[in-house]
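To start, the structure itself, in structure tokens.
The values are calculated or read from the model by the stated rules, or taken from the named source; none is laboratory data. What you see is a predicted model, and the numbers here were worked out from it, not measured in a lab. Cβ placement follows ideal geometry from the backbone for every residue including glycine, while neighbour counts extend to all protein chains displayed.
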């Protein structure tokens, strides 16, 4: 009887140990294939009523909202039982604006036997599952100078059996948060796979490096859209003169060609001499009625007579010599003599003489039908 009780107790303790070992192996399984990936705790089941520690009829109080992580510079981490040491930092982890260029330095000290894969950086990937930072892009898509790489990798011998890797990154973030964690994901291998050739890759995740930012648009978590209404820009003062000058230069040569074409097809009408003289005569008579006779009126009448008769310029004696065959020569000489008496002798004509001058003009030059 005593031996049977002892065997029963031994069997129960073995079962309890087996279940405990299995649970520990399952909990450590995901973390064994990664450096920096913590296993997520499952949700707590609904607590039954009357459970010790909770009043009947009440539920578990909600958890307090998490506080913003406290920034540290640099941050450190150790993996693989001290075979890998990581340090992340920079010269300024605070006061950045959205889309600022942020320089981050990652230093890794590892055993010489550990192999790292940096091909993800060549593809522009710094987080295997995404994160709030991206590698900076060159101008014009980003703020990085043309020809400058957003990352550099250097390695050197650290000490016996150890190699140091320095990774300098230039990253940007468009996330409007006050505290933005930065993480870098890489692949590393401590040993080979079952085939003895392929590296047994694991994921290495650097510790959270907190970069704090300053408010850019408002005091909230979202950026303001701003005024999206269309705005009319004021026109400069030289716009209208430039526009008129441009239109004139564009239309000048076509307009000139059209005018020349019209003149060739339908030449401009040339007024006959009697019509030109009578237009001057009518204008003078209209002015005389309102303002009286002026010296310029006699000058215009004499010029109109000479142009019509074809003796301009000529003196009275020259007119008599040229028109000696003209039957109206006495009338012509009388009209010109009255005009020259005013112009050269400074004599004032009487009203009778002025009326006689007008009658002689109408006699010498026939009035056109259109006037």
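How many residues does the range 150-176 contain that are part of a strand (DSSP E or B), in contact (Cβ under 8 Å) with a residue 12 or more places away in the chain and under 24 Å from residue 82 (Cβ atoms)?
Looking only at the range 150-176, we keep the residues that are part of a strand (DSSP E or B), and these are 151-159, 162-172.
With in contact (Cβ under 8 Å) with a residue 12 or more places away in the chain added as a condition, the list becomes 151-154, 158, 162-172.
Those still in the list that are under 24 Å from residue 82 (Cβ atoms) too: 153-154, 158, 162-167.
Qualifying residue count, the range 150-176: 9.
Check residue 262 against each of (1) at pLDDT 85 or above; (2) within 60 Å of the chain's Cα centre (by Cα) and name the one condition it does not meet.
The single condition residue 262 does not satisfy is (1).
So residue 78 clears everything in (1) modelled with pLDDT of 65 or more; (2) under 26 Å from residue 172 (Cα atoms) except one condition, right? Which one?
Evaluating residue 78 over (1) modelled with pLDDT of 65 or more; (2) under 26 Å from residue 172 (Cα atoms) leaves (2) as the failure.
For the condition without any contact (Cβ under 8 Å) to a residue 40 or more places away in the chain and either over 26 Å from residue 198 (Cα atoms) or exposed (fewer than 12 other Cβ atoms within 10 Å of the Cβ) (or both), what is the one hit in 179, 136, 113? So that I can check it myself, show each step before the final result.
Working: 179 fails: without any contact (Cβ under 8 Å) to a residue 40 or more places away in the chain; 113 fails: without any contact (Cβ under 8 Å) to a residue 40 or more places away in the chain.
After ruling out the rest, the residue left standing is 136.
Kindly provide the set of residues from the range 87-140 that are part of a loop (DSSP other than H, G, I, E, B) and within 13 Å of residue 184 (Cα to Cα), ordered by number.
118, 124, 125, 126, 127, 128, 129, 130, 131, 132, 133
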